[in-house]
Amino acid sequence: MRPSGGIFQIGEKALETILTFIQDEPHKLESGGVLLGRHILNTNDIVVDQVTIPITGDRRRHSSFFRSHGPHQVQINQAWDKSKGTCTYLGEWHTHAEPVPTPSVIDRVDWQRKLLVDKFSECLFFLIFGTESICVWEGGYRSIFLRQLRRVD
């Protein structure tokens, strides 16, 4: 549930894609990408329809992930163009090799930088997929404050 009262939802296809990268085995590296989706008109609801996945240029380690800008930006632009402006950049996702994920200092600094520098409308979402749960944070445009969303089943 969002602080604004709206719902944040991850579509089935996007969720299935991310779940293939969960660090549920010792040899799996941290993964991440970009969230793409929609702001539902006349509501505060957000739907993630698709995600980018790790690609050439990304740096992956067991406990860190660095997303390269260029290749993911190409995919953001393609989604925007193909949807005629309805599929937009909503934020970032990555994995952690812990049951209930918590953001590292590096995660928080990176998220705050994105909130101050990236171009987006309204807010960005930051998802960390742990081995047993997913945690979501929301941050506003030109703000460094992050709010963790609470799960509604």
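Structure above, values below:
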read-out	value
Distance (nanometres) between label positions extended 7 Å along Cα→Cβ at Thr20 and Ser63	2.8
Rounded to 5, percent antiparallel among DSSP beta bridges of the chain	75
Sequence-separation-based contact order of region 8-148, relative, with Cα cut under 8 Å and 6+ spacing, percent	22
Selected from Leu29, Leu124, Leu116 as most flexible by GNM, with the chain as the system and alpha-carbon contacts under 10 Å	Leu116
DSSP H segments from the chain that extend 15 Å or more along their own axis, Cα-based, with Kyte-Doolittle mean of -1.0 or above	105-117
Counted charge near Gln148, where neighbours are those whose Cβ lies closer than 12 Å (Asp, Glu -1; Lys, Arg +1)	+4
Computed [θ] at 222 nm, deg cm²/dmol, the chain (DSSP H ≥ 4; -39,500 (n - 2.57); rounded to nearest 500)	-7000 deg cm²/dmol
Long-range tail of P(r) for the chain (Cα pairs > 26 Å, %)	19
Between region 85-111 and region 37-60, the alpha-carbon center distance in angstrom	11
Listed pairs Lys82/Lys119; Lys28/Lys84; Lys28/Lys82 exceeding 27 Å between Cα atoms	Lys28/Lys84; Lys28/Lys82
Where the Cα pairs of region 1-71 fall when distances are cut into 5 Å bins, in %	4, 15, 20, 19, 17, 13, 9, 3, 0
Other-chain or far-sequence residues with amide H under 5 Å of Ile10's (modelled H)	Val48
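Values quoted throughout were computed directly from the atomic coordinates according to the rules given, and no laboratory measurement underlies them. For clarity, every value in this text was computed on a predicted model and none was experimentally measured. Cβ coordinates were reconstructed from backbone atoms using ideal geometry, including for glycine residues, and neighbour counts include every protein chain displayed.
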